[in-house]
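The values are calculated or read from the model by the stated rules, or taken from the named source; none is laboratory data. Quantities reported herein were computed from a predicted structural model and do not represent experimental measurements. Cβ coordinates were reconstructed from backbone atoms using ideal geometry, including for glycine residues, and neighbour counts include every protein chain displayed.
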Amino acid sequence: MPDAFRAARDFLLANRTNYEVAYRGFRWPELDRFNWALDWFDRIAAGERREQPALWVVFEDGTETKLSFGELSRRSSQVANHYRRLGVHRGDRVLVMLGNIPPLWETVLALIKLGAVILPTAPLLSRDDLADRLQRGRVRHIVCAADCTSRFERLGMSCTRVAVGGPAPGWHAHEEGYGAPAEFEPDAETPAGDPLQLYFTSGTTAKPKLVVQTHVSYPVGHLSTMYWIGVQPGDVHCTIASPGWAKHAWSCFFAPWNAEATIFVPNQSRFNASGLLEAVARANVTTFCAPPTVWRILVTQPLADYKTRLREVVSAGEPLNPEIIDQVRAVWGLTIREGYGQTESTAIAGTSPAQPVRPASLGRPLPGFKLVLRDSSGQETNEGELCVVLKPRPLGIMPGYQKEDGTLSPLEEEVHKTGDVMARDAEGYLAFVGRADDLFKASDYRISPFELESALIEHPDVVECAVVPSPDPIRLAVPKAFVILRPGIGPSAETARSIFQHIRKTLAPFHRIRRIEFSDLPKTISGKIRRVELRRLEEANVRKGVRPAFEFREEDFPE
C-alpha cells in the first residue's frame, strides 16, 4: 500500500514542471488499508532522512525547537502509548486545541497512529464555539494548552482531559507520555475510508458545517497540494496558517511531509511582518505560502532588505490582488502563484511551478481533479459555479458532511458544488468571479466584489477592503466599500476624495463604488472577511436611515 502512494508521489515530483504530462498521467493510488503516520511518516523516519529536521519551530524570544523525523516518530509513538493508557481508542473523537508548538505535531501523529478522529480547534474560539464543537463533534477527549484549560470550565466534564505545557488541576499531563515506551503497536490495520479529521468550516456565511476527512482524503489527497506548492525533498517549507483550520493541515502538515521536507514555523503571538521576514531569511526557507492578508502586509515592508533563498512563493485562501503580485515580483523576482481548494478538498486548482501565471487567474485544474463550470440550470458553461467531477471520484475530497445525528451525509451527485463562481479561458485557466452568495446586481449589472476590490486596493492608502451592496431605491443597490487605511492615514474627506478620483479613473461607470466607509473588517478566525456581516450591517443602517460617521459618498465629491 505505501508503495502505491510513493509511486504516485514520485510521479508528481518527476513532472513538477511539466503540467501537461502530470495532469494526463497522474492516477490516485488505490488504497484499501492505510495509516499515514505509520505507513508513511515512520518509514521516512526509519530511512535516510532519519536525522533531517522534520519540524523547526522558532519562538519570539529567539529560542527554537528542532525535531528530526526520527525524533518525532519516536516521540509521537510515546504519546500514542500514553494516550492509549488514558483511554483513547480507535474511532474516538479528540478535540485538539493547541497553538504552533511541537506537541501539536506530536499529538496529531499520535492520534493518527491510534486511529482516533481529530477535531482540530483554533485556540481563539469562544466558549459558545467550544460548547458547539464538543456537542456536535461528539467529543470524548480534549487535548489543550495548560493556559487555556479554564476555557473548558463546566464544558466536556465527561471527557478525558490532557493539558500541554504545565500542570492543570483535573487534567492529565501530556508530557508524561515522554516516558512511555517508544515502540508502538497498532491494535489493527486502519481502513483507508475510516474518518480521520472532523473540520468545522470557517462559517463566512452561515453556521459551520462539519466536514469529514478520511485517512486518505487529506493525507494522500494533499499530493495535489504538494504539486501546486512545488515543495521537494529536503526543502524548508513555511506556511502562515493558524492551527485548527484546514489550511494548517494542508501546508503545515501533510503536503510538506509528503515531499519529505522540513516544516518551518515562526511562532508569533501577534503577527509581526518584519519578524517573519527575518525568520524566513535566517532559516533559508525555500518554499513559502501565505494568505492574501499576510501578503498585503508583507509588501508594506522593505522586501529588498531581506535576502532570502525562496524558490517558490504561493497564496491561497482568497484571490490575491494582481498589484500585490507585481510588487513582490519587482523586488524578489519571484511570481506568487495562486491555488484554490476548500476545507472539503485538497488543492484542486492552481498555477504549478514553471507554468505561465495569468493575471487574475487561479490557474488550471491540478492533477487528479476534473473541474467543470455550471450555470444555474446545471449546464456546462465558461462562466459559472466551479464544480468538482466525482465520477471518477478524486481521492482529495471529503466523503461528505456529518449530519446532526452523527451519521454521514455522503457526496452522491455527479459533482461537488464549491459555491464559487469562476470564468474559464480558452486554455483552461480559471479566474475567480466571486462567491455565489457575494455577487449582486446594481442597475441591472452583475457586480463581482472581487473585481472592484482589486481596483480599489491599487490606491496607495488602501490596505484592505470589502465591497458589498448598499440598498438603493432606484438602482436596487450601489457598490459600497469598507476600507482599512494604511498606518498614518486618517479617515478624512480628503482621503475619500482621493480614493473616489482613483475609482473614476480605473472603473467603468456602471462598476464604480458609490460609497466608502472607513472601518474595521469583520473576519473569521481563519482570516476570511465576513462580507455577509457587512451586508447585514449596511442593510440595517439604510433601513434605519443611519449614515455612519466615516461614510463618504461619491456625490459628495462632484467631478
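As an exercise: evaluate Phe152 against (1) aromatic (Phe, Trp, Tyr); (2) farther than 30 Å from Asp32 by Cα; (3) more than 27 Å from the chain's Cα centre (by Cα) and give the number of the one condition it does not meet.
(3)
What are the residues in the stretch 227-284 that are surrounded by 21 or more Cβ atoms within 10 Å (Cβ to Cβ), closer than 20 Å to Leu124 by Cβ and hydroxyl-bearing (Ser, Thr, Tyr), if any?
Those that are surrounded by 21 or more Cβ atoms within 10 Å (Cβ to Cβ), closer than 20 Å to Leu124 by Cβ and hydroxyl-bearing (Ser, Thr, Tyr): Thr239, Ser251.
Could you tell me whether Asp3 is touching a residue at least 24 places away in the same chain (Cβ under 8 Å), acidic (Asp, Glu) and under 18 Å from Gly221 (Cα atoms)?
Taking the combined requirement at face value, the residue does not satisfy it.
All but one of (1) surrounded by fewer than 20 Cβ atoms within 10 Å (Cβ to Cβ); (2) within 26 Å of Pro394 (Cβ to Cβ); (3) in contact with a helix residue (DSSP H, G or I) (Cβ under 8 Å, 6 or more places away or on another chain) hold for Leu31; state the number of the condition that does not hold.
(1)
Please go through the stretch 521-559 and give me each residue that is over 23 Å from Pro208 (Cα atoms) and in a loop (DSSP other than H, G, I, E, B), ordered by number.
Gly545, Val546, Arg547, Pro548, Ala549, Phe550, Phe557, Pro558, Glu559
Trp171 versus (1) farther than 22 Å from Ala249 by Cα; (2) hydrophobic (A, V, I, L, M, F, W, C); (3) touching a Leu at 6+ places or on another chain (Cβ under 8 Å); (4) touching a residue at least 24 places away in the same chain (Cβ under 8 Å): which is the lone unmet condition?
Only one criterion in (1) farther than 22 Å from Ala249 by Cα; (2) hydrophobic (A, V, I, L, M, F, W, C); (3) touching a Leu at 6+ places or on another chain (Cβ under 8 Å); (4) touching a residue at least 24 places away in the same chain (Cβ under 8 Å) is unmet by Trp171, namely (3).
Kindly establish whether Thr190 is touching a His at 6+ places or on another chain (Cβ under 8 Å) and in contact (Cβ under 8 Å) with a residue 60 or more places away in the chain.
Judged against the criteria, Thr190 is a match.
Out of all the residues in the stretch 437-448, is one or more closer than 30 Å to Asn258 by Cβ, part of a strand (DSSP E or B) and not aliphatic (A, V, I, L, M)?
no
Output the qualifying pairs, or none if there are none: Cβ atoms under 8 angstrom, residues six or more apart or on different chains, first residue in the stretch 126-143 and in a loop (DSSP other than H, G, I, E, B), second residue charged (D, E, K, R) and at pLDDT 95 or above.
Every condition considered, the pairs that remain are Gly137/Arg93; Arg138/Arg93; Val139/Arg93; Arg140/Asp92; Arg140/Arg93.
Filter the stretch 287-337 down to the residues that are in contact (Cβ under 8 Å) with a residue 24 or more places away in the chain and either among the aromatic types (Phe, Trp, Tyr) or at positive phi (or both), then identify the one that is surrounded by the most Cβ atoms within 10 Å (Cβ to Cβ).
Within the stretch 287-337, the match that is surrounded by the most Cβ atoms within 10 Å (Cβ to Cβ) is Phe288.
Give the residue that is farthest from Pro359 (Cα to Cα), with candidates limited to residues of the stretch 450-507 that are assigned to a strand (DSSP E or B) and acidic (Asp, Glu).
Asp472
Condition first: in a loop (DSSP other than H, G, I, E, B) and either in contact with a His (Cβ under 7 Å, 6 or more places away or on another chain) or among the aliphatic types (A, V, I, L, M) (or both). Now tell me which residues in the stretch 148-187 satisfy that.
Matches in the stretch 148-187: Leu155, Met157, Cys159, Ala168, Ala180, Ala182.
Can you list residue pairs whose Cβ atoms sit under 9 Å apart, with the first residue in the stretch 485-501 being within 19 Å of Leu452 (Cα to Cα) and the second being of a type in the set (Gly, Ala, Ser)? Count only pairs 6 or more apart in sequence or on different chains.
Sorted first by the residue in the stretch 485-501, then by its partner, the pairs are Ile499/Ala481.
Determine which member of the set Val433, Val372, Val388 is surrounded by fewer than 21 Cβ atoms within 10 Å (Cβ to Cβ), of a type in the set (Val, Ile, Thr) and in contact with a strand residue (DSSP E or B) (Cβ under 8 Å, 6 or more places away or on another chain).
Val372
Pick from the stretch 391-416 the residues that are without any contact (Cβ under 8 Å) to a residue 60 or more places away in the chain and among the hydroxyl-bearing types (Ser, Thr, Tyr): which of them is surrounded by the fewest Cβ atoms within 10 Å (Cβ to Cβ)?
Thr407
Looking only at residues that are among the aromatic types (Phe, Trp, Tyr) and under 17 Å from Val478 (Cβ atoms) in the stretch 521-559, which one is surrounded by the fewest Cβ atoms within 10 Å (Cβ to Cβ)?
Phe557
Inspect all residues belonging to the stretch 202-211 and state whether any of them is in contact (Cβ under 8 Å) with a residue 12 or more places away in the chain, among the basic types (Lys, Arg) and in contact with a strand residue (DSSP E or B) (Cβ under 6 Å, 6 or more places away or on another chain).
Yes.
Restricting the stretch 497-520 to residues that are surrounded by fewer than 17 Cβ atoms within 10 Å (Cβ to Cβ) and over 13 Å from His459 (Cα atoms), which is nearest to the chain's Cα centre (by Cα)?
So the residue we want is Asp520.
When the stretch 458-483 is examined, which residues are found to be touching a Phe, Trp or Tyr at 6+ places or on another chain (Cβ under 8 Å) and either modelled with pLDDT under 90 or surrounded by fewer than 16 Cβ atoms within 10 Å (Cβ to Cβ) (or both)?
Ala477
Test of understanding: among Val294, Val314, Val265, Val280, which residue is closer than 12 Å to His237 by Cβ and not in a strand (DSSP E or B)?
Every option except Val280 fails the conditions.
Examine the stretch 170-186 for a residue that is more than 29 Å from Trp40 (Cα to Cα) and either of a type in the set (D, E, K, R) or surrounded by fewer than 16 Cβ atoms within 10 Å (Cβ to Cβ) (or both), and state whether such a residue exists.
Looking for residues that are more than 29 Å from Trp40 (Cα to Cα) and either of a type in the set (D, E, K, R) or surrounded by fewer than 16 Cβ atoms within 10 Å (Cβ to Cβ) (or both), one finds at least one in the stretch 170-186, hence yes.
What about Ala493, is it among the hydrophobic types (A, V, I, L, M, F, W, C), surrounded by fewer than 16 Cβ atoms within 10 Å (Cβ to Cβ) and within 32 Å of the chain's Cα centre (by Cα)?
Considered against the rule, which asks whether it is among the hydrophobic types (A, V, I, L, M, F, W, C), surrounded by fewer than 16 Cβ atoms within 10 Å (Cβ to Cβ) and within 32 Å of the chain's Cα centre (by Cα), Ala493 comes out as no.
If I go through the stretch 37-62 residue by residue, how many of them are among the charged types (D, E, K, R), free of Cβ contacts under 8 Å to residues at least 24 places away in the same chain and over 19 Å from Gln232 (Cα atoms)? Before the answer, list the steps.
As a first pass, look at the stretch 37-62 and keep what is among the charged types (D, E, K, R): 39, 42-43, 48-51, 60-61.
Of the ones still in play, those that are also free of Cβ contacts under 8 Å to residues at least 24 places away in the same chain are 48, 50-51, 61.
Checking the rest, the ones that are also over 19 Å from Gln232 (Cα atoms) come to 61.
Qualifying residue count for the region: 1.
Could you tell me whether Ala426 is modelled with pLDDT under 95, out of contact with any Gly (no Cβ under 8 Å at 6 or more places or on another chain), in a loop (DSSP other than H, G, I, E, B) and under 16 Å from Asn382 (Cβ atoms)?
Answer is yes for this residue.
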